[in-house]
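To start, the structure under review is shown below, and the notes come after it.
Coordinate-derived values only; no laboratory data. This structure is a prediction, so every number in the text was calculated from the model and none was measured. Note that each Cβ is placed from the backbone with ideal geometry, even for glycine, and that neighbours are counted across all protein chains shown.
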């Protein structure tokens, strides 16, 4: 459910979550949620599936007058993706800097560790429908005119019936 503005207009939940998470990520990791969300566009699908930006380490400035120095982007990688990432370091730095809008990153540090991707639960397997169940399901949705909707409802019905144990006489 989305939140509402003072004027009653709905606001996407992702916008609300970004408002909450962005300051936390900036403080703890020096990174914005936009960089994490856009990582696939920056690194490409091949590298993005096996890597993720962890944090940005900014060099300490002892005095206000010290010149600006670019930061180090720490990237977590799995296995061979580290080697691929190492070969594309210059390109990744350029893309991240273009994304951020200034020369923020000067180096990349690669940390090899498992990159968790939310794959969710494995798909459950369902038993095949009996002929009687399939006939009853088809007759239930046959009056629906839209082919796509009819097929979707038939798949939904097959899933629901497939979850149930078959009635054995």
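Summary of computed values
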| quantity | calculated |
| --- | --- |
| Protection-proxy order for peptides 45-54, 94-103, each taking the mean of Cβ atoms within 10 Å per residue, highest first | 45-54, 94-103 |
| Label-point separation in nm, residue 41 to residue 126, each point 7 Å along Cα→Cβ | 3.7 |
| Per-peptide average of other Cβ atoms within 10 Å, ordering 33-40, 137-144, 71-78 highest first | 71-78, 33-40, 137-144 |
| Estimated FRET transfer efficiency (residue 138, residue 163; beta-carbon r; R0 22 Å; 0.05) | 0.75 |
| Efficiency of FRET from Cβ geometry, residue 65 and residue 155, R₀ 41 Å, rounded to 0.05 | 0.05 |
